[in-house]
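As structure tokens, the structure follows; a few thoughts come after it.
The values are calculated or read from the model by the stated rules, or taken from the named source; none is laboratory data. Everything numeric here is computed off the predicted structure, so don't read it as measured data. As a convention, Cβ positions derive from the backbone with ideal geometry for all residues, glycine included, and neighbour counts pool all protein chains shown. Note: accessible area is taken over every heavy atom of the protein model, side chains too, but ligands, DNA and RNA are not part of it. Shrake-Rupley method; radii C 1.70, N 1.55, O 1.52, S 1.80 Å.
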Amino acid sequence: MTTDTLPHPDALHPATPSTPPKLPLTSLLALTMVSFVVILTEVLPAGLLPQLAASLNSSQSVMGQLISIYALGSVLAAIPLAAATQGVGRRTLLLTAMAGFVIANTITALSTSLPLIFVARFLGGVAAGLAWAMLVGYAARMVAPQHKGRAIAIAMAGTPLALTVGIPLGTYVGNLVGWRIAFGMLSALAALLMLWIVLRLPALRAIPGQQRQSVAQVFALPGVRTVLTVLLLYVVTHNLLYTYIAPLVTLAGLAPRVDFLLALFGGAALVSLLLVGTLVDRWLRQLVLASTGLFLLACSTLALWPGVQATVYLAVAIWGLAFGGAATLFVTSLSNASGPGQDVAQSMMTTVWNLAIFAGSVVGGMLLGQFGAGSFAWVATALLSVTLLIIWRSRTQFYWHGAASNLAR
């Protein structure tokens, strides 16, 4: 038995016919921590910009580019690396990605050279692109087909945890003992996670040669193109509003309450993630429709009553409820649509997601300068109306239902 065909530890004690198969939680939680480290590494500089700028004799606007260069690394690396590494064992590849985070965060913590720190951040983005490309496929392959959606939800749970818990905690540590200590602790966390991966994750074999697919082959699948289109519109809309939430809620006189509104959004998003993780394997299409419909409701409410404080609070809560499980819904849909090419498809999703973040910020900046913050919700409503129409017209496509029997279509 080679290292690429080792059974999962939980498989050593198979369930009896009367016992439903259990989720390998300790293994899936390792993947949760992978997504936690990826997101926390990306956005931690946002909470420490003043310290970074003062320590490195630069401006906060330049320090903000530490996030941009990370995203650029992910965009440039995700698809090429996913396509080129299909023949590498999955655990080996994941350990390589985590080693990239250890190196990148260690250099960031120790270096006094700003150019070297930028190089380290770019390396971290490359590692992120590699990790995102295989995370969903890893989770899906560890469980029975009927539990795939729930396994993906657990693996993706690190994202909202990083945003709602990791960033405030990392910012607190950075302010208390210095930003270098914060990045050093993040590097240590990545190193400990490598040990967890070695001990608990199955060494899944590489993708067999006859099942490997090129980027062009995966992109040609109709379901893949549709999911990526819906994802692009949805995430552009989200980032248009989220990036410029301060001027948006200022219309209702809520500028001093932005922190509370973000906490309200994050709390609703966590509730959404729990609901989606429980229901995704049975109600995928319905949940995708509900997520987009709720987001549309929130945007149209903000468009019609932008100056009413109670309405803004309600709309932000609905928005969080819509968005919290969206990533799980989209990656599950894409996994179903792409079949054996899911790692390549997920790398496309990583690229599209980061491009959507960039596009949302650019579009929002243009709207703010030309038409003011009052235009945000109207544009968001228009974009989501198109998104909901695409989803509704795709009701007969297999990927919304996860029908494995149709993967050959």
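Tabulated results
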{"read-out": "Whichever residue in the stretch 195-213 is open to solvent by 50 Å² or more (accessible area, probe 1.4 Å) and modelled with pLDDT of 85 or more and, among such residues, is farthest from ASN336 (Cα to Cα)", "value": "LEU195"}
{"read-out": "Residues of the stretch 268-292 that turn out to be open to solvent by less than 30 Å² (accessible area, probe 1.4 Å) and either touching a residue at least 60 places away in the same chain (Cβ under 8 Å) or closer than 17 Å to LEU161 by Cβ (or both), as a count", "value": "11"}
{"read-out": "Verdict on ALA54 being open to solvent by 10 Å² or more (accessible area, probe 1.4 Å), touching a Phe, Trp or Tyr at 6+ places or on another chain (Cβ under 9 Å), farther than 21 Å from ILE152 by Cα and not basic (Lys, Arg)", "value": "no"}
{"read-out": "Matching residues in the stretch 293-319 - criterion: being open to solvent by 60 Å² or more (accessible area, probe 1.4 Å) and either touching a Leu at 6+ places or on another chain (Cβ under 6 Å) or of a type in the set (S, T, N, Q) (or both)", "value": "GLN309"}
{"read-out": "Any hit, the stretch 231-250, residues being out of contact with any strand residue (DSSP E or B) (no Cβ under 6 Å at 6 or more places or on another chain), in contact (Cβ under 8 Å) with a residue 12 or more places away in the chain and over 21 Å from ALA303 (Cα atoms)", "value": "yes"}
{"read-out": "Selection within the stretch 354-383 - surrounded by 24 or more Cβ atoms within 10 Å (Cβ to Cβ) and within 17 Å of ALA326 (Cα to Cα)", "value": "ASN354, ALA380"}
{"read-out": "Only one of LEU248, LEU228 that is at pLDDT 85 or above, under 23 Å from ALA151 (Cβ atoms) and either among the hydrophobic types (A, V, I, L, M, F, W, C) or in a helix (DSSP H, G or I) (or both)", "value": "LEU228"}
{"read-out": "Matching residues in the stretch 43-61 - criterion: being closer than 29 Å to PRO160 by Cα and either aromatic (Phe, Trp, Tyr) or in a helix (DSSP H, G or I) (or both)", "value": "VAL43, LEU44, PRO45, ALA46, GLY47, LEU49, PRO50, GLN51, LEU52, ALA53, GLN60, SER61"}
{"read-out": "Scope the stretch 116-137; condition more than 19 Å from PRO202 (Cβ to Cβ), open to solvent by less than 40 Å² (accessible area, probe 1.4 Å) and touching a Ser or Thr at 6+ places or on another chain (Cβ under 6 Å); matching residues", "value": "ILE117, ALA120, GLY124, GLY125, ALA128, GLY129"}
{"read-out": "Set ILE67, ILE79: member being touching a Ser or Thr at 6+ places or on another chain (Cβ under 9 Å), at pLDDT below 85 and open to solvent by 10 Å² or more (accessible area, probe 1.4 Å)", "value": "ILE79"}
{"read-out": "Some residue of the stretch 84-103 being part of a helix (DSSP H, G or I), open to solvent by 40 Å² or more (accessible area, probe 1.4 Å) and within 21 Å of ILE357 (Cα to Cα)", "value": "no"}
{"read-out": "Selection from the stretch 119-145 of residues that are β-branched (Val, Ile, Thr) and more than 18 Å from the chain's Cα centre (by Cα)", "value": "VAL119, VAL143"}
{"read-out": "All positions within the stretch 296-312 that are within 22 Å of ALA255 (Cα to Cα) and assigned to a helix (DSSP H, G or I)", "value": "ALA298, CYS299, SER300, THR301, LEU302, ALA303, LEU304, GLN309, ALA310, THR311, VAL312"}
{"read-out": "ALA216, sole failed condition from (1) of a type in the set (A, V, I, L, M, F, W, C); (2) modelled with pLDDT under 85; (3) part of a helix (DSSP H, G or I); (4) under 28 Å from LEU287 (Cβ atoms)", "value": "(4)"}
{"read-out": "Residues of the stretch 101-155 satisfying the condition of being β-branched (Val, Ile, Thr), in contact (Cβ under 8 Å) with a residue 40 or more places away in the chain and touching a helix residue (DSSP H, G or I) at 6+ places or on another chain (Cβ under 6 Å)", "value": "VAL102, THR106, THR108, ILE117, VAL126, VAL136, VAL143, ILE152, ILE154"}
{"read-out": "Qualifying residue in the stretch 146-167 (condition: more than 14 Å from the chain's Cα centre (by Cα), surrounded by fewer than 23 Cβ atoms within 10 Å (Cβ to Cβ) and not in a helix (DSSP H, G or I))", "value": "no"}
{"read-out": "Checklist (1) over 21 Å from THR332 (Cα atoms); (2) part of a helix (DSSP H, G or I); (3) modelled with pLDDT under 90 applied to LEU189, failing item", "value": "(3)"}
